[in-house]
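Report on the structure given below.
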Amino acid sequence: MKLLDKYNRVNLIAAIIIMLITGGIYYLAISSILINEKDKALEVEEQEIFDYVKLNHKLPQVFESPDQQISFKQVPKNSITRQFINTTYYKKYNEPESGRGLISFIDMGHAYYKILIVESKVETEYLIQIIFGITIGVILLLLLALVITNRLILNRLWQPFYNILGELKLFHVSGTRNIPQLDSSVDEFNELHQEVSAMTTRVKQEYQNLKSFTENASHELLTPIAIINSKLDTLIQTENLSEGQSKLLTDLYGAVNRLTRLNQSMLLLVKVENRLLKDEHLVNLKALTEEMIIQFEEIFQSKNLNISYNLDEKQVYANRYLMEILLSNLLSNAIRHNYNGGEIRVTLTNECLMIENTGDEFPLKQDQIFTRFHKSSHSEGSGLGLTISKQICENFNLSLDYNFKQPYHQFSIGY
Amino acid sequence: MKILIIEDEEGLRESIEAYFQEAGNICETADSYHVAMAKINLYRYDCILLDITLPGGSGIEILKTLKKNNNKDGILIISAKNSLDDKLEGLDLGADDYLVKPFHLSELKARVSAITRRKMYDGNNILQFNEISIDLSAKTVTVLNVPIKFTRKEFALLIYFIANKGKVVSKNAIAEHLWGDGIDLADNFDFIYSHIKNIRKKLIEAGANDYIQAAYGMGYKFNDK
């Protein structure tokens, strides 16, 4: 739940509860005041009756007044207690209305009368209703104002926070993007921004150090490898090598070869990640793919792989050298993880370039295949091929996805 | 052929020198920027092998001096720096080729041969080896005036062999020369064998001698006998 919604919810619930309580209190207070008024009017009327009786020693004449009804009734002595009641007020030809009544008594010596004075409460209730209605209206208006201002003010107030959050989402440790300057008058946000900026700079710095270490180490390794390689080339010129010795030499060549490839892959990865290979132009994917397939021809044959392809015309804006590496890596994988007599299919359409191969019967682990040095158990590769491929795709805003569709492992580059 | 090897790494320099000398070339060496500068200002070479990172200065400066003086020496840059920018810079400045360390000596030899051929036989692109005649621009092979059909890879392999005649060339080097980076996938180099078999067959059928020998199971040797 968003901060704003959470805040609004708490705020609104509290406001509504408080308003309900105060509304109730308000209602009770107003109605009790008004009823009190009514009761006073009834008492005045009662007093008038008493005064009349005292003066005239007889009951006053009962007459119908528009909002008051008085009735007398002779009852046994001392059977009445004086009390105010809520009762019904009957009016001629009209619906009964609610009314407030006062039951009292008068003792005239020879007779004992019950007095019932009833006044209509319609006016009072109407007043309460109006007052209550206005109050509710004001409350609703207030709530609405609260919600709107909250939304506006909070949104604006939290804008710097969302800006920082957005920047963090875009942050990539190998990217060139820095967290931009923040323009806020809120101390907390400024502090947050400062810390976030400092942290990203630090992280990037450390990452750069790590990368330049990789690059330097790889470079330094190249010279000894070059020497080993050249010495091996010199050594095989020697006549009279035994079979055992030549086997040793072949193994040494193989090992040096792997070392070289690993080094080159690491160097390439550093370069691709740092986007050091600029030189971008339109690359004809169809021609390039055909070229790569021809390049791998003998290897397909030696593994008895059946390659079929269906290529449409497609150009992408990229670096040709890197696209070559990308295709070469994906094709190499398709060959490496295949079985003798397996199948490779290459499809180039306007949506994607897909390379499918038969191989293991189980899908690869999506979340691991693109990580560094992840290799399947029997792989001879450096474990960097797919990481490099993924990075190349990222450089040119291409997507690289893996799918398993029995029996094909599919790698697709989407543009 | 007179070659100058500018390389500060002793082990590598010695290997290169030995490899070229055995094939009958004259080699001189320089292990620093200043020695190299002195030599290129005094003498002329058919080909200069130039390392970029040198004690005392950059190989790029040597290249610039050579170009400024309008020397016709062939220049092959050998460097551990394999970034494309370096490559382009070197070639833009007038280097003839660029080889990234580590490399096979046979590959180096093939590249040097290509450069010197271009320099020496300007316009004339016929490579003659005994009875075998190769037209490098038309990419055709003739033996005793009989044209032979060679595939692109067979053609490249034949030139590679001739450049390294008398030397054992490892299967690794052949594979890398022909297939580049993709080759590390191959579990074995059987497909090289079939290429070699084809070349031998085609040459012998056209009446040429059998020059290609297998060498101790780890490579091949093109013998000038």
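Checking A:Leu262, A:Leu267 one by one, the residue that is touching a residue at least 12 places away in the same chain (Cβ under 8 Å), within 11 Å of chain B (Cβ to nearest Cβ) and open to solvent by 20 Å² or more (accessible area, probe 1.4 Å) is A:Leu262 and no other.
Considering only region A:224-235, I want to know if a residue exists there that is away from chain B (no Cβ under 13 Å) and not aliphatic (A, V, I, L, M). Within region A:224-235, none of the residues are away from chain B (no Cβ under 13 Å) and not aliphatic (A, V, I, L, M).
Which members of region A:216-245 meet the condition of being open to solvent by 20 Å² or more (accessible area, probe 1.4 Å), of a type in the set (D, E, K, R) and assigned to a helix (DSSP H, G or I)? Those that are open to solvent by 20 Å² or more (accessible area, probe 1.4 Å), of a type in the set (D, E, K, R) and assigned to a helix (DSSP H, G or I): A:Glu220, A:Lys231, A:Glu243. Of all residues in region A:246-259, those being open to solvent by less than 50 Å² (accessible area, probe 1.4 Å) and within 17 Å of A:Thr223 (Cβ to Cβ) number 2.
Quick one: would you say A:Asp233 is acidic (Asp, Glu), touching a helix residue (DSSP H, G or I) at 6+ places or on another chain (Cβ under 6 Å) and without any contact (Cβ under 8 Å) to a residue 24 or more places away in the chain? Yes; evaluated as a whole, the condition is true for this residue.
Of the strands (runs of 3 or more DSSP E) contained entirely in region B:11-83, those carrying at least 2 residues that are touching a residue at least 40 places away in the same chain (Cβ under 8 Å) fall at B:47-51, B:74-79. The residue that is nearest to the chain's Cα centre (by Cα), among those in region A:281-305 that are within 12 Å of chain B (Cβ to nearest Cβ) and open to solvent by 80 Å² or more (accessible area, probe 1.4 Å), is A:Glu291. Evaluation of B:Ala38 against the conditions (1) surrounded by 21 or more Cβ atoms within 10 Å (Cβ to Cβ); (2) small (Gly, Ala, Ser); (3) away from chain A (no Cβ under 14 Å) shows that the sole unmet condition is (1). You will find that of A:Lys2, A:Lys40, the residue that is over 27 Å from A:Gln129 (Cβ atoms) and exposed (fewer than 14 other Cβ atoms within 10 Å of the Cβ) is A:Lys2 and no other. Report whether or not A:Ala15 is outside any strand (DSSP E or B), modelled with pLDDT of 80 or more, small (Gly, Ala, Ser) and more than 57 Å from the chain's Cα centre (by Cα). So A:Ala15 fails the test. Reported count of residues in region A:173-215, each being part of a loop (DSSP other than H, G, I, E, B) and surrounded by 12 or more Cβ atoms within 10 Å (Cβ to Cβ), is 8.
The values are calculated or read from the model by the stated rules, or taken from the named source; none is laboratory data. Computed from a predicted model, the values in this text were never measured in an experiment. Because the Cβ atoms are built from the backbone with ideal geometry, glycine has one as well, and the counts that use them run over all protein chains shown. SASA here: full protein model, heavy atoms, side chains in, ligands and nucleic acids out. Shrake-Rupley method; radii C 1.70, N 1.55, O 1.52, S 1.80 Å.
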